[in-house]
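The values are calculated or read from the model by the stated rules, or taken from the named source; none is laboratory data. Everything quoted here is computed from the prediction, not taken from an experiment. All Cβ positions, glycine included, derive from the backbone under ideal geometry; neighbour counts span all protein chains shown. Remember, those area values only see protein heavy atoms, side chains included, never the ligands or the DNA or RNA. Shrake-Rupley method; radii C 1.70, N 1.55, O 1.52, S 1.80 Å.
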Amino acid sequence: MALDIKICGLKTEAALASAIDGGASHVGFIFFPKSPRYVTPQEAGVLRARASGKAKAVAVTVDADDAFLDAIVAAMEPDMLQLHGAESPERVAAVKARYGLPVMKALAVQEAADLARVAPYRGIADRFLFDARPPAGSELPGGNGVRFDWTILAGLDAGVDYMLSGGLDAANIGDALRLANPPGIDISSGVESAPGVKDAALIEAFFKAVAAARNDRAA
């Protein structure tokens, strides 16, 4: 089974190159000003051009209004929009209709009951991203380096397409793939040397760990 791999929170050409060279299927750009990974639509547009034809570019927003989304889509021309806030199913549908782009809806997961939040978005969101619930006091909805109990995802309906996120790194990705068997994975802080600073060596190590884990499962 193919495994989509998204490196999120990219800010520099060097980090983008490391992600693409490693085999990322998706690259993510954060449009949330409070995040250390924040980029402007114009900055993302330059990076997105470098990724064209190599990886799908994902614009990550948090409760963004139409004006901000208009600016992002115009400057960056993303392949997909990721809505990482409290967007309702109606808002997700409106965003899809406005831009004609696939939408990935992020949902915070801490316990099995949280998976019930998927149902209202089914048939509207093209994909889901399951991230750990932010720790108390965090202003960031994602990128906190926090994981959740991946065995919870065993209760998910088989037809739900998603990416697993939250606290992934080279040391635990093997366990994540074994326990959840996700169709996609998303990593940000797990390949950083400091908040918002992607590390080429950590990116390379992550891809090697993914490959090793998949080889072990195939053996």
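Some notes on this structure:
- Residues in region 152-182 that are among the polar types (S, T, N, Q) and either buried (at least 20 other Cβ atoms within 10 Å of the Cβ) or not in a loop (DSSP other than H, G, I, E, B) (or both): S165 alone.
- Checked against the criterion of being closer than 30 Å to N181 by Cα and without any contact (Cβ under 8 Å) to a residue 40 or more places away in the chain, the candidates G23, G53 yield just one match: G53.
- Residue count, region 14-36 (criterion: touching a helix residue (DSSP H, G or I) at 6+ places or on another chain (Cβ under 9 Å), in a loop (DSSP other than H, G, I, E, B) and of a type in the set (F, W, Y)): 1
- Tallying residues that are of a type in the set (F, W, Y) and open to solvent by 10 Å² or more (accessible area, probe 1.4 Å) within region 3-58 yields 2.
- Elements of type helices (runs of 4 or more DSSP H) contained in region 37-142, each with 1 or more residues being modelled with pLDDT of 95 or more and over 24 Å from K198 (Cβ atoms): 66-76, 89-99
- Residues in region 184-219 that are of a type in the set (D, E) and within 16 Å of I20 (Cβ to Cβ): D186, D199, E204.
- Selection within region 76-95 - under 18 Å from the mean Cα position of the chain (by Cα) and not aliphatic (A, V, I, L, M): E77, P78, D79, Q82, H84, G85, E87
- Residue check for A59: under 23 Å from L164 (Cβ atoms), within 17 Å of the chain's Cα centre (by Cα) and hydrophobic (A, V, I, L, M, F, W, C): yes
- Residues in region 73-94 that are β-branched (V, I, T) and surrounded by 21 or more Cβ atoms within 10 Å (Cβ to Cβ): none.
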